[in-house]
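Student: One structure, as structure tokens, below. Some questions next.
The values are calculated or read from the model by the stated rules, or taken from the named source; none is laboratory data. Since the structure is predicted, the reported quantities are computational estimates derived from the model, not experimental observations. Cβ placement follows ideal geometry from the backbone for every residue including glycine, while neighbour counts extend to all protein chains displayed.
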Amino acid sequence: MSDFKPIEPLPPLQPLPPLASGQSQGQSQSQSGNGSQSQSQSQTKSLPEPFTRYDLDPAFYDEMLDAQAVAPRSAYETLFSRLQNMPASELNAFQTAANASFLNQGITFTVYGKEGGTERIFPYDLLPRIITSKEWDVISRGLEQRVRALNAFLKDIYGEARILTDRAIPRELIYTCKHYRRELRGLKPPRDVWVSLCGTDLIRTPDGTWTVLEDNLRVPSGVSYMLTSRSVMKQVLPSLFQDYAVRPIDHYAQVLLSTLRALAPAHRPDPTIVVLTPGVYNSAYFEHTFLARQMGVQLVEGRDLLVHDNVVYMRTTAGLERVDVIYRRVDDDFIDPLSFRPDSSLGVPGLLNAYRAGNVGLANSLGTGVADDKAVYAYVPQIIRYYLGEDAILPNVETFLCADPPQLDHVLKNLDKLVVKAVGEAGGYGMLIGPHSTQEQRDDFAEKLKADPRNYIAQPTISLSRGPCFIDNQVEPRCIDLRPFVLFGDRVNIVPGGLTRVAFKKGSLVVNSSQGGGSKDTWVLYE
């Protein structure tokens, strides 16, 4: 696959600088050396309670404090002042109240592969992440641009495939993607919308630039934690919330419902909508039940639905009821045993034929996983330029495609400095973080890369921005990212905010809940 080269070639592949002598795994290069350490210590000493353990490291963009001035950024001034005047015992009481609220509401997630109980209360940090109106304007414009381009891309590759004919991206990139579904060639979903719900993961690089880390277009999760975090924050810290002009997110469920209605067949003006869940053992089952309840629609499993004459029906106590739109939380492989995995008991036999006949809408469409592929991600700036004639508003992280032999050689020589990801995995699984890995782990991954290079990409180890978190009676910085949620029905809607995920483990860059991460409320200001 020697043609796996971006249209705009990557810079010459040079070995990345080695870790400084004595530098521990996971420590950034700017953290090493006595000069940097003394600078961090002097800044820490100048901060008042409860910030005495607040480590300002220039290798990370700090959301709350300006590292140069050792002072709060304008958006955080009120929060910074309030925290100085609030005893730790009071903050502890608020955090306890927040945890109790999560427990009472059953706000949980499931970790697979762990011994003992796998269901846990979702970890939550009391201190909000604050985003200014100016910043949000850039984010929202960039997200809308991205989802429109990806929709056009999916429509094209399952239709005329012009982008492949024009060789704007390699054919092999698409046809070797395990999420590309040949069964969908020629399909025309309602309104030509393939991606109705998208959760795009954003990070802030050390210079403060908002950057896309990855796209989530199959069955993006986390919006329920965004909504419940806001509800809990209003309960436990109402006075702080009132000090800020925060844009609301409570209307998300109604915007989602409107988006789903737009996907209904044209001849069904009052559509019946359902949420399709794999069942109670799914890691995001809480979210499935939460969203169904918020929208006032039925939560169903595959066994509750059937297809007759290419029309989907729901079994009810009053008989069969026609279903017009399905918000599916079941992956492609399991959604229709007649078309995909025949051993699946989670899906609905015949659903693909009903969808192809135009008798039911699906969110998201089948086949969207091809745009989720992390190798395809590397080409999104070119995809935006090809379909929209614009430069990407939100940049990508530099990405090395292991399917390209020269780039694979570079990755193999620098495994201790790169993050390697499987192209189709999510949740922090199938990933190697080079600076945090052992030689044995790197050797194991090297063999995987050689055996199946198309299945992997690599990226530089990025220092995520850090936000304030209340930990052990002190405010300390922890790495965070942001997952805003984009809705696309008759038009694009982006509720101001998103799921801010937190790497609670000190020094960790992994924010996934499945790997020990949690969340905090995200405040987008009016000004």
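Student: Of the residues in region 479-523, how many are in a strand (DSSP E or B), of a type outside the set (Asp, Glu) and either in contact with an Asp or Glu (Cβ under 8 Å, 6 or more places away or on another chain) or surrounded by 23 or more Cβ atoms within 10 Å (Cβ to Cβ) (or both)?
Tutor: 19
Student: Inspect region 178-198 for any residue being closer than 30 Å to Leu91 by Cβ and either of a type in the set (Phe, Trp, Tyr) or modelled with pLDDT under 95 (or both) and give the result as yes or no.
Tutor: no
Student: May I pose another question? Just to verify a result, which residue in region 60-103, among those that are surrounded by fewer than 18 Cβ atoms within 10 Å (Cβ to Cβ) and of a type in the set (Ser, Thr, Tyr), is nearest to the chain's Cα centre (by Cα)?
Tutor: Ser101
Student: Right, something else. Can you give me the number of residues within region 171-188 that are out of contact with any Leu (no Cβ under 7 Å at 6 or more places or on another chain) and at negative phi?
Tutor: Final tally of qualifying residues: 12.
Student: Please work out if Ile462 is β-branched (Val, Ile, Thr) and either surrounded by fewer than 17 Cβ atoms within 10 Å (Cβ to Cβ) or in a strand (DSSP E or B) (or both).
Tutor: Taking the combined requirement at face value, the residue does not satisfy it.
Student: Moving to a separate point now. Would you be able to say whether some residue in region 397-420 is over 24 Å from Leu150 (Cα atoms), at pLDDT 95 or above, polar (S, T, N, Q) and assigned to a loop (DSSP other than H, G, I, E, B)?
Tutor: yes
Student: Could I ask something else about it? Do we find a residue being modelled with pLDDT of 85 or more, among the acidic types (Asp, Glu) and surrounded by fewer than 18 Cβ atoms within 10 Å (Cβ to Cβ) anywhere in region 7-25?
Tutor: No: zero hits.
Student: For region 155-175, does any single residue satisfy the condition of being under 18 Å from the mean Cα position of the chain (by Cα), surrounded by fewer than 19 Cβ atoms within 10 Å (Cβ to Cβ) and not acidic (Asp, Glu)?
Tutor: The answer is no; no qualifying residue exists.
Student: Check Leu154, Leu164, Leu202, Leu217 and return the single one that is at pLDDT 95 or above and within 21 Å of Asn512 (Cβ to Cβ).
Tutor: Going through Leu154, Leu164, Leu202, Leu217 in turn, the sole match is Leu202.
Student: Give me the residue from region 330-372 that is crowded, with 24+ Cβ neighbours inside 10 Å and of a type in the set (D, E, K, R) and, out of that set, farthest from Asp270 (Cα to Cα).
Tutor: Asp372
Student: Among the residues of region 256-277, are any of a type outside the set (Val, Ile, Thr), without any contact (Cβ under 8 Å) to a residue 40 or more places away in the chain and on the phi > 0 side of the Ramachandran plot?
Tutor: no
Student: Quick check on my filter: what residues within region 175-198 are of a type in the set (Gly, Ala, Ser) and without any contact (Cβ under 8 Å) to a residue 40 or more places away in the chain?
Tutor: Gly186
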